[in-house]
Amino acid sequence: MNMATLGYSLQHTPTWAIALVSFILISISIILEHLIHLIIQWLRKHRKSDLVEAIERLKSELMILGFMSLLLTVTQDAIIEICIPVRAADTMLPCRKRISNDTAILDSCSAKNASEVALVSRHGIHQLHMFIFVLAVMQIVYSFLTVSLARAKMRHWKAWDEETQTIEYEIANDPNRFRYARQTTFGRRHISTTTASPVFLWIKCFFRQFFHSVEKVDYLTLRHGFISAHFSARNSNFDFQNYIEQSLEEDFRIIVSISPVMWFTVVIFLLVDVHGWHVYLWLSYIPLLLVLIVGAKLEVIVDEMALQMKDVNSVTKGTPLVCPSDEFFWFGHPGFVLTLLHYTLFVNAFELAFFIWVSTQFGINSCHHEHRTFTVIRVVIAVAVQVLCSYVTLPLYALVAQMGSQVKSKALAKILRQWHVEVRERRRKQQKLVKSFSFNHINMSSEWSQENKSAPEFSSGLRENTRSSSEGEIVEELEHAMKTEANSSSHPPPSVV
């Protein structure tokens with residue numbers, strides 16, 4: 001190979017050019033590392049430990065991609081020296097024709113033997129470097145979009161959770177009020193004549209996921225069922241929306257990770273990228289079908305709980321009561337739904353990353369984009385799946401997954417810690433009010449004026465004391481419930497301080 005082919009080595013490159021390139025690369029790396037550090041510090045300040053662990057998991061996945069790129073750089077000279085027959089090199093090509101002019105110049109194998117070529121050319125290894133880079137960037141972008149869209153959808157549920165503490169809600173859900181299960185708002189939404197048929201049930205739930213997948217009545221009913229199943233009626237002020245967010249953050253650690261099975265899936269996708277097979281067109285339909293089936297299944301679970309409620313007791317007292325159970329989920333395992341969503345998001349991210357890589361490396365007129373209609377369909381499906389899965393299906397899963405038999409002890413432990421802090425603050429304020437009242441009561445010279453001034457404060461202090469005592473009892477009950485769930489699980493919950 002001559003100098004014109006390889007270019008100048010570092011021995012004949014100006015030192016200022018080497019230093020400039022190194023400075024730019026080091027500066028960008030330091031800025032990115034500092035940015036990640038600031039994000040982690042912000043999350044820790046706001047007690048988002050699960051998101052911190054998710055970022056750490058994402059960093060480990062990016063480290064794997066970086067190590068793969070490093071291995072390619074170190075071993076590229078050995079790879080291009082591996083020779084294969086031309087007949088083998090002309091099979092299963094992504095494009096119809098090979099470009100033989102470059103191989104005659106760049107290929108050491110073809111220079112030695114005209115019937116052989118290199119396993120992968122030097123330029124091909126560079127393009128593979130770029131694919132790893134694009135895949136890493138898309139993994140970051142998709143992770144950010146997924147958590148942002150899901151939290152944006154769940155933010156609306158906060159108002160529904162706060163509504164349960166109002167007098168209007170207590171009146172509308174009077175525990176002494178009897179109604180037929182079909183006549184409740186939840187029953188009218190989920191119980192009908194077509195619900196008895198599994199076919200019509202799936203069809204109805206399939207289309208419902210696109211329009212109002214989670215209504216307020218669904219959220220409030222599932223919330224009541226969760227609290228009644230795992231705690232008691234005294235826990236009506238349990239922050240269910242916060243608990244769901246904590247559970248989703250815990251699941252997000254799984255979503256951003258890439259399992260060995262998924263890495264081998266990438267290898268299979270690269271293997272079957274053969275011209276004329278249109279594999280990536282059919283590949284784009286896999287995430288779409290998965291997210292639609294999972295969304296319909298989650299809606300079916302809510303309907304099945306409504307039907308079970310009607311079968312157990314046709315007359316309901318107060319708020320409709322559903323009974324959580326793992327039997328509603330596939331294979332009796334709610335986590336299987338998360339596995340499908342994880343695979344859906346990964347395949348969709350890979351599909352869009354591959355499209356961007358092909359477009360930037362080979363141009364929009366390359367053989368991969370021979371059929372522009374197929375290309376447009378792939379891009380539209382990829383974007384639609386990302387929005388549908390992140391904004392609709394994932395929040396729906398976060399809610400319905402709580403209808404399993406088990407409580408997520410780690411998410412519950414975080415709620416308990418927050419409650420402990422709030423109860424301590426209220427008790428501290430109450431003690432200050434009591435001391436202030438005692439001091440003012442001793443002062444006999446201004447007894448009447450001081451009593452008039454401190455009576456409302458003392459009354460408020462008594463209310464705070466009653467509230468703190470009640471919440472202290474609730475915290476103790478939640479701790480007892482968490483310990484009970486932990487004894488039935490193989491993974492004990494973290495200790496609560």
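A118 falls short on exactly one of the conditions (1) loosely packed, with under 13 Cβ neighbours inside 10 Å; (2) at pLDDT 70 or above, and that condition is (1). Taking the range 270-300 as the range and being farther than 30 Å from V214 by Cβ and touching a Cys at 6+ places or on another chain (Cβ under 6 Å) as the test, only H275 passes. Checked against (1) surrounded by fewer than 20 Cβ atoms within 10 Å (Cβ to Cβ); (2) at pLDDT 85 or above; (3) outside any helix (DSSP H, G or I), V214 passes all but a single condition, namely (1). W160 versus (1) within 23 Å of I80 (Cβ to Cβ); (2) open to solvent by 30 Å² or more (accessible area, probe 1.4 Å); (3) not small (G, A, S): which is the lone unmet condition? Of everything listed in (1) within 23 Å of I80 (Cβ to Cβ); (2) open to solvent by 30 Å² or more (accessible area, probe 1.4 Å); (3) not small (G, A, S), W160 misses just condition (1).
Beta carbons closer than 9 Å, at least 6 apart along the sequence or on distinct chains, never pair a first residue in the range 272-293 that is farther than 19 Å from C389 by Cβ and open to solvent by less than 20 Å² (accessible area, probe 1.4 Å) with a second that is at pLDDT 90 or above and outside any helix (DSSP H, G or I).
Residue-level analysis places L388 outside the set of residues that are within 22 Å of E249 (Cβ to Cβ), open to solvent by less than 20 Å² (accessible area, probe 1.4 Å) and of a type outside the set (F, W, Y). Only residues that are assigned to a helix (DSSP H, G or I), modelled with pLDDT under 85 and either under 18 Å from Y343 (Cβ atoms) or not assigned by the TED database to the domain that holds Y180 (or both) were counted across the range 283-311, and they come to 1. Here L394, L388 are screened, and the one residue that is closer than 22 Å to D239 by Cα, within 17 Å of the chain's Cα centre (by Cα), part of a helix (DSSP H, G or I) and at pLDDT 90 or above is L394. Given the criteria in the same structural domain as I255 (by the TED database), of a type in the set (K, R), modelled with pLDDT of 70 or more and open to solvent by 10 Å² or more (accessible area, probe 1.4 Å), does R427 qualify? No.
For the range 57-80, the tally of residues that are closer than 27 Å to E250 by Cβ, in contact with a Lys or Arg (Cβ under 7 Å, 6 or more places away or on another chain) and open to solvent by less than 60 Å² (accessible area, probe 1.4 Å) stands at 0. Out of E327, E351, one residue alone is in contact (Cβ under 8 Å) with a residue 40 or more places away in the chain, of a type in the set (D, E, K, R) and within 24 Å of L292 (Cβ to Cβ). It is E351.
Tell me the residue from S325, S314, S259 that is assigned by the TED database to the domain that holds E370, of a type in the set (S, T, N, Q) and farther than 30 Å from R177 by Cβ, please. Only one candidate qualifies: S259.
The values are calculated or read from the model by the stated rules, or taken from the named source; none is laboratory data. None of these values were measured; they are calculated from a predicted model. We place every Cβ from the backbone using ideal geometry, glycine too, and count neighbours over all the protein chains shown. Each accessible area value is taken on the protein alone, full model and side chains, heavy atoms only, with ligands, DNA and RNA left out. Shrake-Rupley method; radii C 1.70, N 1.55, O 1.52, S 1.80 Å.
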